[in-house]
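Right, one structure below, let's go through it.
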Ligand SMILES: [Fe+2]
């Protein structure tokens, strides 16, 4: 499959956490395109192709000087609009000395980039990930680089039965794989897989979050929005307590942005609605989350290597119920790519990862 068929272009992608972009140059490849980011004097984020039009050296060899980029080879300088501002040794700038720019936006404590047709970029199309910085929520954030096709990472996040086998030391136990899951498609871009786990032993991460190891009622909703936005709503409360009043909820946000055909950026924020300013809990969440996602990374990198060795066959369509979420997610992604292929001006409106109401959704879903 050609790269251009692996992902849509006319949509916003997350390039980085907002705090990662400073006045210094930050290089990152997205969708096989090398890009540099930095903050200009006014604090806005700029994004240019990582390529000097003079000798084609990556601009990331250089540095920023007074808010513009200076190439590391001959010192040509470029501003946030990609215009050449200075050529050493001469007073004029040759015509045609221009660097490609990309539309960027800063929202939800994330830096967004539009890799498709620039005139179609509309900030109203940015998916709602407000939990990353909304009042009443606290986010522990991190980043992992995966040597795997980004679609395999989405598959993994839509089938959380794997927690039982891969994540026994943090979030998994037998109750996960043993509990039935209900899959729904919402609109053109969202798949949701819901699982209830009543009266179970808390896996270690949940014992940490509630502060003891008493039994819990747990729910879990894996939500995917094509091409690479995932949220796992994770809720639980001690048995014999009230679900509405006493639950604790986390909404881990997993943003999977393709880097190349077989590598991906895993930009995550584990958001929660309790113990908001607890730094010790933050540290524990960070360590356990990185340990957990590194377990996924090891497995998915092995899977990708094996699939490449076999020439990237289509995944078998076996009669395995656990696959319903991942299979449906791929269908939505492929349909989204096809709509853009059929009409290059088409931009898919974002779906919703979750209702704004924090506590009613799990009850509505429990009744499905
Ligand atoms: Fe996992």
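Structure values in brief
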read-out: Average Cα contact separation per residue, segment 129-366, under 8 Å, 6 or more apart, as relative contact order %; value: 27 percent
read-out: P(r), alpha carbons of the chain - 20 Å bins starting at zero, rounded %; value: 28, 54, 17, 2
read-out: Kirkwood hydrodynamic radius of segment 3-123, from inverse mean 1/r over distinct Cα pairs, in Å; value: 14.7 Å
read-out: Highest-fluctuation residue, 271, 241, 232 considered, GNM on the chain with Cα pairs under 10 Å; value: 241
read-out: Exposure proxy ranking, count of Cβ atoms within 10 Å, fewest first, for 13, 346; value: 346, 13
read-out: Distance between segment 238-259 and segment 121-152 - C-alpha centres, whole angstrom; value: 15 Å
read-out: Debye equation applied to the C-alpha atoms of segment 112-175, log10 I(q)/I(0) at 0.22 Å⁻¹; value: -1.15
read-out: Long-range tail of P(r) for segment 210-368 (Cα pairs > 29 Å, %); value: 32 percent
read-out: Additional length obtainable on full extension of the chain from residue 55 to residue 238, 0.36 nm per residue less Cα span; value: 59.5 nm
read-out: q = 0.11, 0.14, 0.19 Å⁻¹: log10 I(q)/I(0) that the Debye formula gives for segment 102-220, counting C-alpha atoms only; value: -0.56, -0.87, -1.29
read-out: P(r) weight above 24 Å for segment 151-285, C-alpha pairs, percent; value: 31 percent
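Here, each number is a calculation from the coordinates, and none is a lab measurement. Everything numeric here is computed off the predicted structure, so don't read it as measured data. When we count neighbours, we look across all protein chains shown, and the Cβ atoms used for this are built from the backbone with ideal geometry, even at glycine.
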